[in-house]
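The values are calculated or read from the model by the stated rules, or taken from the named source; none is laboratory data. Worth saying up front: this structure is predicted, and the values here are computed from it rather than measured. We place every Cβ from the backbone using ideal geometry, glycine too, and count neighbours over all the protein chains shown.
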Amino acid sequence: MKKFGDEYIRRFGLSRIIEHWLNAAVFAVLVLTGLSQKFHDYSVSQWIVMTLGGIDVTRLIHRYTGILFAGLTIPHILAASFGFLFLKWQPSIIIHKNDFRDAIVNIKYYLGLEEHPARCDRYDYKQKFEYWGVVVGGLLMIATGAILWMPAFTARFLPGEFIPAAKALHTNEALLAFLVIVIWHIYNSVFSPEVFPIDTVMFTGKISKERMMHEHPLEYERLFGVSLEGSKAEKTSEEEMMT
Amino acid sequence: MLFSYILGIILLVLAAFPLNSLSAESSISASDQACMMCHSQEQDLTFDGGEKLSLKVNIEDLGRSVHRIISCSDCHGFTADQHPKRTFKNRRQYTAYSAKVCTQCHVSHKTKIHEKLLSQSPKGTVCSDCHGSHSIQRARELSKGNHYCLNCHQRELSITFKTGEKQSIHINEAILNISVHKNLSCTDCHFGFSSEEHPLRAFRSKRDYSIAMSESCRRCHFDKYSRTLEGIHYNLLTHGNLNAPVCTDCHGAHSVYSGRKEKLANAKKCERCHPEVYKTYTQSVHGGALILEHNEDVPICSDCHKAHDMTDPRTTDFRNAVPQMCGNCHADKDLMAKYGLSTAVVETYLQDFHGVTLKFYKQQGKSVKPIAVCIDCHGIHDITKVNAPNAPMIKANLVKRCQKCHKDATANFPDSWVSHYKPSLKKAPLVYMVNFGYRIFIPFMIIGLILQIILHVWRYAVNR
């Protein structure tokens with residue numbers, strides 16, 4: 001692989017990388033302090049809570065980390081919206097009907113019903129699914145978290161039942177987010193045979209031309225003004241040689 | 001033939017004669033026989049007050065007495081020739097006077113109590129009160145076994161404490177016999193005392209005596225005693241509150257009975273010192289059932305406060321133990337089924353925010369702040385049915401309780417508590433629907449993603 005070392009293309013700027021890892025850290029703390037409250041009967045949860053210094057400290061950490069999470073998520077949404085609307089940023093993360101088609105094509109490809117995998121743009125459907133999961137789920141968690149933090153204040157404006165409902169939403173959504181991250185995201189960025197032992201893009205911000213051609217062919221074509229359709233057979237044989 | 005006939009008659013005659021009377025008769029000296037000539041007759045002496053004293057002496061009593069070897073005049077000083085007339089105001093004066101003579105022979109006192117009694121005025125107890133006069137016996141022979149002490153203590157005796165308080169030391173045998181301790185002897189509790197030993201002790205007051213005596217319970221009931229050492233009553237006592245109850249205040253002294261037998265009687269013990277609380281309790285759903293329906297399923301004071309190691313109920317530890325106390329009955333399926341009550345109340349509380357917080361506080365060993373437990377909504381001694389008129393669980397009343405901790409709680413706030421119900425379409429439909437949605441969505445999502453991962457790995461392996 002090293003021989004293609006100079007053939008890397010910048011995919012993410014430093015700010016995106018910092019944002020990702022801040023989000024990861026915040027998420028980890030929230031999961032640790034949150035799920036140990038949800039699964040309070042498990043001894044490992046009790047160990048976490050007691051090690052942190054008790055339930056009140058755990059909740060305090062969870063809530064202030066929640067504020068940090070909101071501080072990452074909300075400015076991101078505002079900045080992205082502003083960028084798309086006024087700075088002509090590429091809305092490449094917006095879900096497109098092609099994404100659904102790509103998903104179906106890929107599943108067919110996995111099953112051997114399709115000859116080639118889906119040809120994706122800058123973000124494939126898996127990445128969009130995760131991104132929007134974090135954004136929409138995050139907003140849901142921020143809103144319900146705020147309700148749970150200030151139940152009496154909430155009850156001034158909303159029916160009392162919204163508080164246990166917010167708790168149900170918060171706790172279920174947390175479990176879902178946790179499972180999606182540990183199963184899907186960790187698979188795609190660590191254990192997937194395509195990236196194993198680790199996907200380096202979120203560390204270096206750069207992607208090899210090789211991987212880009214393979215995973216984001218449409219973006220590659222647009223970027224370099226070439227068509228990859230013809231060279232596909234050649235490329236797969238090259239890949240075989242490498243491995 | 002004739003000889004044996006005569007012998008039979010002789011035997012019959014002998015049998016008709018009580019042997020002991022014969023022997024008594026034979027042991028009587030001539031001078032005593034002179035006394036008995038008159039004193040075997042039925043005759044009375046009348047005192048000034050009209051009180052009568054029989055002058056008849058039962059010859060059989062004399063025969064059984066340890067004093068059968070001495071003569072009448074040895075004690076009475078009279079002989080048949082010298083029989084001066086004396087006058088006494090009353091019978092007691094005569095008795096006291098007569099008893100003085102005992103000390104002529106019995107110069108040393110076996111026990112301190114004799115010394116004390118004899119040093120008191122003759123109006124007090126004299127020798128013959130306990131030992132008898134003509135039928136005089138060693139005290140230990142007077143009665144057998146357990147009730148040796150009653151020789152003296154069945155009499156109307158009393159003691160005076162330093163404070164001037166008087167206390168009867170008369171013991172009613174009937175009361176002893178209904179006690180669970182009826183097979184114990186007096187000295188098992190009143191240790192240091194025996195037929196040989198009766199030390200003198202001086203207590204300042206009756207209360208001091210009771211407190212000191214209650215210490216003897218621990219000789220058998222050490223487990224209970226050691227638990228009382230952790231109790232608030234003992235603590236009060238050691239801090240100088242002598243009114244704090246000791247064993248005998250609740251269990252009785254001579255009529256000891258188990259506290260477990262009858263719940264109402266047990267609760268009434270507490271009433272003596274805690275009348276206000278007891279009154280409130282009688283009006284609660286539990287107390288009402290106990291008193292009006294004689295329902296023994298309900299808790300009494302000691303079920304929550306414990307009997308021996310009751311701790312201060314104002315402490316946080318006590319508060320934190322409340323869900324467990326209520327849970328003792330309210331999580332018992334069989335018991336609650338009798339009254340159509342749900343046992344979900346405990347579980348729903350424990351899984352709720354308050355219950356979880358409480359659980360961790362207990363683990364931490366300290367509470368950061370008071371957490372709502374059962375009693376905060378349902379009341380303490382005044383617990384009512386949840387559907388009773390003006391019950392504290394009615395929303396309007398409940399909001400006041402919420403406001404104790406959630407200062408800014410408004411009228412809507414109590415609805416945030418789904419009142420021990422598992423969310424359903426009827427109760428808390430919003431919560432139910434959220435949970436229901438995720439119960440389908442989470443497995444759908446996770447199974448879908450895992451399938452994709454498996455397919456992806458499989459495709460990769462096939463391509464290689």
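Of all residues in segment A:151-163, exactly one satisfies the criterion of being more than 7 Å from chain B (Cβ to nearest Cβ) and not in a helix (DSSP H, G or I), namely A:Leu158.
Just to verify a result, which residue in segment A:88-103, among those that are charged (D, E, K, R) and in contact (Cβ under 8 Å) with a residue 12 or more places away in the chain, is nearest to the other protein chains (Cβ to nearest Cβ)? Break it down stepwise before answering.
Going through segment A:88-103, the residues charged (D, E, K, R) turn out to be A:88, A:97, A:99, A:101-102.
Adding the requirement that they be in contact (Cβ under 8 Å) with a residue 12 or more places away in the chain leaves A:99, A:101-102.
Numbers: A:Asp99: 14, A:Arg101: 16, A:Asp102: 13 Å.
If we take residues in segment A:88-103 being charged (D, E, K, R) and in contact (Cβ under 8 Å) with a residue 12 or more places away in the chain, then A:Asp102 is nearest to the other protein chains (Cβ to nearest Cβ).
Scanning segment B:357-368 for residues that are in a helix (DSSP H, G or I) and under 17 Å from B:Val322 (Cβ atoms) returns B:Thr357, B:Leu358, B:Lys359, B:Phe360, B:Tyr361, B:Lys362, B:Gln363.
Looking at A:Tyr64, A:Tyr42, A:Tyr8 in this structure, which one is more than 13 Å from every other protein chain (Cβ to nearest Cβ) and more than 24 Å from A:Tyr220 (Cβ to Cβ)? Step through it out loud before you land on a result.
On the way: A:Tyr42 fails: more than 13 Å from every other protein chain (Cβ to nearest Cβ); A:Tyr8 fails: more than 24 Å from A:Tyr220 (Cβ to Cβ).
Only one candidate passes the filter, namely A:Tyr64.
Do the conditions hold for A:Ser189, that is, is it among the small types (Gly, Ala, Ser), under 20 Å from A:Tyr8 (Cα atoms) and outside any helix (DSSP H, G or I)? Taking the combined requirement at face value, the residue does not satisfy it. Pairing residues of segment B:399-412 that are more than 8 Å from chain A (Cβ to nearest Cβ) and outside any loop (DSSP other than H, G, I, E, B) with residues that are of a type in the set (Gly, Ala, Ser) and surrounded by fewer than 17 Cβ atoms within 10 Å (Cβ to Cβ), at Cβ distances under 9 Å and at least 6 apart in sequence or on separate chains, gives B:Val399/B:Ala411. Among the conditions (1) polar (S, T, N, Q); (2) facing chain A (nearest Cβ under 10 Å); (3) not in a loop (DSSP other than H, G, I, E, B), the only one that B:Thr348 does not satisfy is (2). Can you find, within segment A:104-128, the residue that is nearest to B:Trp458 (Cα to Cα) among those that are within 9 Å of another protein chain (Cβ to nearest Cβ) and surrounded by 14 or more Cβ atoms within 10 Å (Cβ to Cβ)? It comes out as A:Tyr110.
The listed residues are B:Ile375, B:Ile454, B:Ile371, and the only one of them that is touching a residue at least 40 places away in the same chain (Cβ under 8 Å), assigned to a helix (DSSP H, G or I), over 24 Å from A:Leu158 (Cβ atoms) and more than 8 Å from every other protein chain (Cβ to nearest Cβ) turns out to be B:Ile375.
Considering the conditions (1) touching a Pro at 6+ places or on another chain (Cβ under 8 Å); (2) closer than 17 Å to A:Glu229 by Cβ, A:Asp102 is excluded by exactly one of them, (1).
Within segment B:424-433, being at the interface with another protein chain (Cβ under 9 Å from one of its Cβ atoms) and exposed (fewer than 15 other Cβ atoms within 10 Å of the Cβ) holds for B:Pro429, B:Met433.
Could you tell me whether any residue of segment A:164-171 is free of Cβ contacts under 8 Å to residues at least 24 places away in the same chain, closer than 30 Å to B:Gln452 by Cα and within 12 Å of another protein chain (Cβ to nearest Cβ)? Yes, there is a match, as at least one residue in segment A:164-171 is free of Cβ contacts under 8 Å to residues at least 24 places away in the same chain, closer than 30 Å to B:Gln452 by Cα and within 12 Å of another protein chain (Cβ to nearest Cβ).
Table: residues versus (1) in contact with a Phe, Trp or Tyr (Cβ under 9 Å, 6 or more places away or on another chain); (2) crowded, with 17+ Cβ neighbours inside 10 Å.
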site	(1), (2)
B:Ala265	yes, no
B:Glu276	no, no
B:His308	yes, yes
B:Thr315	no, no
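Of B:Tyr460, B:Tyr421, all but one fail to be surrounded by 12 or more Cβ atoms within 10 Å (Cβ to Cβ), modelled with pLDDT under 95 and not in a helix (DSSP H, G or I); the exception is B:Tyr421.
Restricting to segment B:434-451, name every residue that is under 30 Å from A:Phe153 (Cβ atoms) and loosely packed, with under 13 Cβ neighbours inside 10 Å. Quick ask: steps written out before the conclusion?
Step one: filter segment B:434-451 for residues under 30 Å from A:Phe153 (Cβ atoms), giving B:434-439, B:441-442.
Result: B:Arg439, single match.
Whether a residue is touching a His at 6+ places or on another chain (Cβ under 6 Å) and either assigned to a helix (DSSP H, G or I) or without any contact (Cβ under 8 Å) to a residue 12 or more places away in the chain (or both) was assessed, and B:Val298 does not pass this test.
How many residues are among the charged types (D, E, K, R), part of a helix (DSSP H, G or I) and within 22 Å of A:Ala168 (Cα to Cα) when one looks only at segment A:16-57?
Let us first name the residues in segment A:16-57 that are among the charged types (D, E, K, R), namely A:16, A:19, A:38, A:41, A:56.
Applying the additional criterion that residues be part of a helix (DSSP H, G or I) yields A:16, A:19, A:38, A:56.
From what is left, the residues that are within 22 Å of A:Ala168 (Cα to Cα) are A:38, A:56.
Number of matching residues: 2.
Pairing residues of segment B:160-185 that are over 28 Å from B:Lys116 (Cα atoms) and β-branched (Val, Ile, Thr) with residues that are exposed (fewer than 13 other Cβ atoms within 10 Å of the Cβ) and at pLDDT below 90, at Cβ distances under 7 Å and at least 6 apart in sequence or on separate chains, gives B:Val180/B:Ser258. Candidates are the residues of segment A:185-209 that are of a type in the set (S, T, N, Q) and away from chain B (no Cβ under 14 Å); the one that is nearest to A:Val226 (Cα to Cα) is A:Ser208.
Residues of segment B:222-253 that are exposed (fewer than 15 other Cβ atoms within 10 Å of the Cβ) and in a loop (DSSP other than H, G, I, E, B): B:Leu229, B:Glu230, B:His239, B:Gly240, B:Asn241, B:Leu242, B:Asn243. Among the residues of segment B:70-113, those identified as assigned to a loop (DSSP other than H, G, I, E, B), modelled with pLDDT of 80 or more and either outside the structural domain of B:Met36 (by TED's automatic domain parsing) or within 27 Å of B:His198 (Cβ to Cβ) (or both) are B:Ile70, B:Lys100, B:Val101, B:His106.
Listed here are the residues, each with its yes/no results for (1) under 53 Å from the mean Cα position of the chain (by Cα); (2) outside the structural domain of B:Val346 (by TED's automatic domain parsing); (3) of a type in the set (S, T, N, Q).
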site	(1), (2), (3)
B:Ala409	yes, no, no
B:Asn412	yes, no, yes
B:Arg439	no, yes, no
B:Ile446	no, yes, no
B:Ile453	no, yes, no
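Report yes if A:Ile181 is more than 10 Å from chain B (Cβ to nearest Cβ), under 15 Å from the mean Cα position of the chain (by Cα) and in contact (Cβ under 8 Å) with a residue 40 or more places away in the chain, otherwise no.
Numbers: more than 10 Å from chain B (Cβ to nearest Cβ): yes; under 15 Å from the mean Cα position of the chain (by Cα): yes; in contact (Cβ under 8 Å) with a residue 40 or more places away in the chain: yes.
In short, yes.
Scanning for something exposed (fewer than 15 other Cβ atoms within 10 Å of the Cβ) and among the polar types (S, T, N, Q), does segment B:61-78 turn up at least one residue? Taking every residue of segment B:61-78 in turn, none turns out to be exposed (fewer than 15 other Cβ atoms within 10 Å of the Cβ) and among the polar types (S, T, N, Q).
Do we find that B:Phe441 is facing chain A (nearest Cβ under 10 Å), in contact with a helix residue (DSSP H, G or I) (Cβ under 9 Å, 6 or more places away or on another chain) and within 23 Å of B:Cys377 (Cα to Cα) in this structure? Walk me through it before giving the result.
Values: facing chain A (nearest Cβ under 10 Å): yes; in contact with a helix residue (DSSP H, G or I) (Cβ under 9 Å, 6 or more places away or on another chain): yes; within 23 Å of B:Cys377 (Cα to Cα): no.
No.
Among the conditions (1) out of contact with any Leu (no Cβ under 9 Å at 6 or more places or on another chain); (2) modelled with pLDDT under 75, the only one that B:His153 does not satisfy is (2).
Screening the candidates B:Lys422, B:Lys395, B:Lys385, B:Lys426 for the property of being over 44 Å from the mean Cα position of the chain (by Cα), at negative phi and touching a residue at least 60 places away in the same chain (Cβ under 8 Å) yields one hit, B:Lys422.
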